[in-house]
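The values are calculated or read from the model by the stated rules, or taken from the named source; none is laboratory data. Bear in mind that the values here come from a model prediction, so they are computed numbers and not experimental data. Positions of Cβ are backbone-derived with ideal geometry, glycine not excepted, and every protein chain shown enters the neighbour counts. Please note that ligands, DNA and RNA were not included when accessible areas were found on the heavy atoms of the full protein model with its side chains. Shrake-Rupley method; radii C 1.70, N 1.55, O 1.52, S 1.80 Å.
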Amino acid sequence: MITEQALRKAFLFRQPIVSRQQELAGYQLLLRSAEPDADERQRAPNTAGLCAAYLELGMQSALGNTCAYLGITPDFLQQEALELLPAAGVVLELLLDHPPEKAVQIRCRRLHERGYTLALADYRGIDDRSRPLLPMVDVIKIDAGKTDERTLGNLAGSLRNLPIKLLAQGVDSRELMDRCRNLGFTLFQGRHFAQAEIVSGRRLSASQAALIRLINLVGRDVDVALIEDAFKHEPALTLNLLRIVNSVGHRGNRLSQPVTSLRHAINLFGRRHLQRWLSLLLLAPGSVAGDPASSPLLQVAALRGRMMELLIAGDPSGANGRLADLAFMTGILSMMPAALGLPIDEILAQIAVEDEVRTALCEHAGLLGSILALLECFDNDDASGCDALLDHLPGHLDRQALNTCLSVALRWLNGNGG
């Protein structure tokens, strides 16, 4: 379906899809290149390549319990290769500019009967384009970002009595998400959760201040007794830490004896893992034990940190061992302004970091800074920006490396290796 050479020509981007509770429900996957193309519809899906990339990069395993939304054109809909995609792992998003021909309707009905989830993109109301497909589709996508309030209400209202999920696309603000939720939308595509109003001088909550104190202690070469004492002042964190270290599967096996000593738990967990866990908690203090699955913001942060770590550690010369250790924290900290609503310089005034991390975050300087800039472009589906930055990065970093890195990092995030 697609060669390794073809994978080098495009970026595999992903856009998060969240539920009404702002929990991650899936990813829209897009295969895009920076090459100019007047027809966005042709450039964006590249359906055959997208489906092949999904299979070749092992995205079903990488995405865990979440689904991948894949844009499917009428031509590819008829291909037998489509059924190589796992019905449980994908949502087939129908990209139709015109009313569906009879063959398209028959094919959709058969796919639906075989357990595939179908979505209709760019819904414009009940018309000749949508009417024949409504009995077969499970999800309707409406571009809320490009639809005025009155029209949005009318479109949602036309589907109110049908057993179909409404997905609002282009949601870039809390206000728009609330409006769509009130209209009956249950799925939302956009980056509203990764944005925040940045206010200089904003006060941190007591829980955030406590986490920063612990992060600073763990990051310094202080006696474990000082860390233990700080944890004792935070009973909820202590209980979560003991629960995690005692849990089945921590570090791949069951501990022979339960951990009841706080100091023992800190030593078993290790300072590096402890610092990462505390930093994730700082991004979303209300999440369950810093579990990325509980918050899309944590997903973005943890994924960015892991991708930075993998890209820097992947240097064949092995020259960047020290930077690889700093890369994960750089990726996590880059999301702190969105989580805390504070400028990065104010955050770094309270958290002790290495000079390379500081310059990467504040100036995008050095190798850490360049890779951070690359992943920021990657998160924003900016193919041209990614290509421009790759031109100035080490030769082992290219489009294929970035796509593969995304798959490996997602697999790690969902506990499937990586």
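Data table
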item: Once the Cα gyration tensor of the chain is diagonalised, semi-axes √(5λ) in Å; result: 40, 24, 21
item: Dipole moment magnitude, nearest 20 debye, the range 21-148 about Cα centre, only Lys, Arg, Asp, Glu C-beta charged; result: 320
item: Net charge, TYR27 excluded, C-beta distance under 15 Å - Lys, Arg +1, Asp, Glu -1; result: +2
item: In sequence order, calculated HN-Hα J values of the range 67-78 (Karplus, 6.51, -1.76, 1.60; Hz; x Gly/Pro); result: 9, 9, 8, 10, x, 10, 7, x, 5, 6, 4, 7
item: Simple Cβ-charge dipole of the chain, Lys/Arg +1 and Asp/Glu -1, about Cα centre, in debye nearest 20; result: 1380
item: Alpha-carbon centroids, the range 142-169 and the range 104-120: separation in whole Å; result: 22
item: Modelled FRET efficiency - R0 45 Å, HIS264 with ARG174, Cβ distances, 0.05 increments; result: 0.60
item: Probe 1.4 Å, all protein chains present, accessible-area order of ILE312, ILE244, largest first; result: ILE244, ILE312
item: Compactness relative to 2.2 N^0.38 Å, alpha carbon Rg of the range 92-248; result: 1.63
item: Spherically averaged projected area in nm², based on the convex hull that wraps the Cα atoms of the range 311-418; result: 7.3
item: Label-point separation, ARG181 to SER384 (7 Å along Cα→Cβ), nm; result: 3.6
item: Overall Cα dimensions of the range 38-118 - principal axes, largest extent first, Å; result: 36, 35, 19
